[in-house]
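A short write-up of the structure that comes next.
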Amino acid sequence: MSRNDALRAARLRVGWRSADAAADALTAHGQQLLDDRHFAVSARTWRRWEGPRPGWPSEDTALVLHDALGRWPEDLGFITPPGWIRPEHHEETTVQTTQLLAVTAPALVAGPLSPQQVDPQLVDYFQS
C-alpha cells in the first residue's frame, strides 16, 4: 500500500478536499470538542497520516478523529499499537461494573440489622 486510502476516503467523504483543509477542520473540531484551544493538527501531520506509514495518533486525537469522521483510527488505516482499547470499551466496562454492584450489593450486606433471639442449643450445636 503506497498510501492510507481509508483516511483519504474518510477525509473526502466529509468534504475536506486537501490535507490543509483537513488539518484546519480537525484542529477546529478538536479545540471545540476537547475545550482545549491548544489542540492542533498540522497539514504536515495529516500528510504523514495519509502516507504508507501513518503511525498512531495520541488518545485525544483519536477521540477527535472518531468524533469528526465517525470511525476509530484502526478503521482509518492507522497502525494499531499493542494494548490499544477503544475508549468506548472502557466506558462499557464501567457500566458493567455498576450493574454488577447493583445486583450483588444486597447479597454483601451483613446479616439482620435488628437483634434476634436464637435458641441457645442451636448456638451450642454450631460451636461444637
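Selection of region 18-42 for residues being over 18 Å from HIS66 (Cα atoms) and either hydroxyl-bearing (Ser, Thr, Tyr) or part of a helix (DSSP H, G or I) (or both) yields SER18, ASP20.
To keep it simple, each residue is scored yes or no on (1) open to solvent by 90 Å² or more (accessible area, probe 1.4 Å); (2) assigned to a loop (DSSP other than H, G, I, E, B); (3) modelled with pLDDT of 90 or more.
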position: TRP56; (1), (2), (3): no, yes, yes
position: ALA62; (1), (2), (3): no, no, yes
position: GLN99; (1), (2), (3): yes, no, no
position: PRO112; (1), (2), (3): yes, yes, no
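Scanning region 39-75 for residues that are among the aliphatic types (A, V, I, L, M) and under 16 Å from the mean Cα position of the chain (by Cα) yields a total of 6.
Taking region 21-35 as the range and being touching a residue at least 24 places away in the same chain (Cβ under 8 Å) and out of contact with any Lys or Arg (no Cβ under 7 Å at 6 or more places or on another chain) as the test, the residues that pass are ALA25, LEU26, HIS29, GLY30, LEU33, LEU34. Of all residues in region 15-38, none are surrounded by 18 or more Cβ atoms within 10 Å (Cβ to Cβ), modelled with pLDDT of 95 or more and touching a Gly at 6+ places or on another chain (Cβ under 9 Å).
Look at region 44-64: where a residue is closer than 21 Å to PRO82 by Cβ and a partner is among the charged types (D, E, K, R), sitting 6+ places away or on another chain with Cβ atoms under 8 Å, you get PRO52/ARG3; PRO54/ARG48; GLY55/ARG48; ASP60/ASP36.
The values are calculated or read from the model by the stated rules, or taken from the named source; none is laboratory data. Computed from a predicted model, the values in this text were never measured in an experiment. Backbone-built Cβ (ideal geometry, glycine too); neighbour counts: all protein chains shown. With ligands, DNA and RNA removed, areas are computed over all heavy atoms of the protein, side chains included. Shrake-Rupley method; radii C 1.70, N 1.55, O 1.52, S 1.80 Å.
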